[in-house]
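First comes the structure, then the notes that go with it.
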Amino acid sequence: MQSVRVLVLGQGFVGEYLASLLRMHSVSYAATTTDGRNGTIAWRLPADANTPADFSLLPVASTVVVTFPLPGCPAARRLLDGYIDHAQRVCADHPRLRWIYLGSSRGFKEVPSTRFTKPDVSAGGPRVEAEECVIAEYAGHVLNLVGLWGGARQPESWARFYTSPERLRSRLNDRSLHLIHGADSARAIYA
């Protein structure tokens, strides 16, 4: 089986930008989607913990980017341990994997939140639990993204969520608005 530098598990919104950047820099990569569209590998982590995932479909990579949400630490362990076992079976001298997990900002409930604020796992639920697991148990990196835009995702279309000036004012008083373009997210991962 072919090896690549980067494996993108879930080539969705950010994954498309990342794939474009990797091609531009001639970095070998492979990506998955649930249906194998656009030359990706058809693969998914089964929702049922008792259903084994078929990691044999995936190439061995030195960096794995996980773009889809994992529902808790058990799911994170199942994915990461399963892939590590697969990589070691295929390549006995495989180097240590670099994990990058795209997270969310829902664990940051403290107002104001800063770059030093610790996420509240109880507020963020299973997704934040998975993020903490990737960091603590696998020395992985979590990139918490909020306000993703680019392509068809345009901020002006978000106004529909704020049906009155009061609702918009309330939201803006509660939090600041942060936006990051999909291309900038890809650059942060590539760095």
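The values are calculated or read from the model by the stated rules, or taken from the named source; none is laboratory data. In this text, all values refer to a predicted model and were calculated from it rather than measured experimentally. Here Cβ is always computed from backbone atoms with ideal geometry, including for glycine, and neighbour counts include all displayed protein chains. With ligands, DNA and RNA removed, areas are computed over all heavy atoms of the protein, side chains included. Shrake-Rupley method; radii C 1.70, N 1.55, O 1.52, S 1.80 Å.
Assorted remarks:
- The chain: angle of helix 73-90 to the longest principal axis, Cα-based, in degrees nearest 10: 30
- Helix-derived mean residue ellipticity, 222 nm - over the chain, DSSP H n ≥ 4, -39500 (n - 2.57), to 500: -11000 deg cm²/dmol
- Structure remark: mean-square fluctuation, Gaussian network model of the chain, C-alpha springs under 10 Å; the largest value among Thr163, Thr33, Thr117 belongs to Thr163.
- C-alpha long axis of helix 165-174 to longest principal axis of the chain, angle in °: 60
- Each of Val27, Ala152, Ile41 was scored by the projection of its Cα onto the charge dipole of the chain, and the greatest displacement toward the positive side belongs to Ala152; charges sit on the C-beta of Lys, Arg, Asp and Glu.
- Accessible solvent surface per residue of the chain, calculated while the other protein chains remain in place, 1.4 angstrom probe, Å²: 57
- The GNM of the chain, with springs linking C-alpha atoms under 10 angstrom apart, assigns the highest mean-square fluctuation among Asp85, Asp48, Asp35 to Asp48.
- Values (1) -0.24, -0.45, -0.73, -0.84; (2) -0.29, -0.55, -0.86, -0.97; (3) -0.46, -0.65, -0.88, -0.96 are given for comparison; log10 I(q)/I(0) by the Debye sum over Cα atoms at q = 0.08, 0.11, 0.14, 0.15 Å⁻¹, derived from the coordinates here, is the one labelled (2).
- Degrees between helix 13-24 axis and first principal axis of the chain (Cα, 0 to 90, nearest 10): 60
- With at most 16 neighbouring Cβ atoms within 10 Å, loop chymotrypsin sites (Phe, Trp or Tyr not before Pro) (DSSP) excluded, longest segment of the chain: 1-115
- Rule-of-thumb Rg ratio for the stretch 76-139 [Cα; 2.2 N^0.38 Å; N residues]: 1.39
- Inter-site label distance for Leu143 and Val111 at 7 Å from Cα along Cβ, in nm: 2.9
- For the pair His181 and Arg77, the difference between a 0.36 nm per residue extended length and the Cα-Cα distance amounts to 34.5 nm.
- The chain: Cys lacking any partner C-beta under 4.7 angstrom: Cys91
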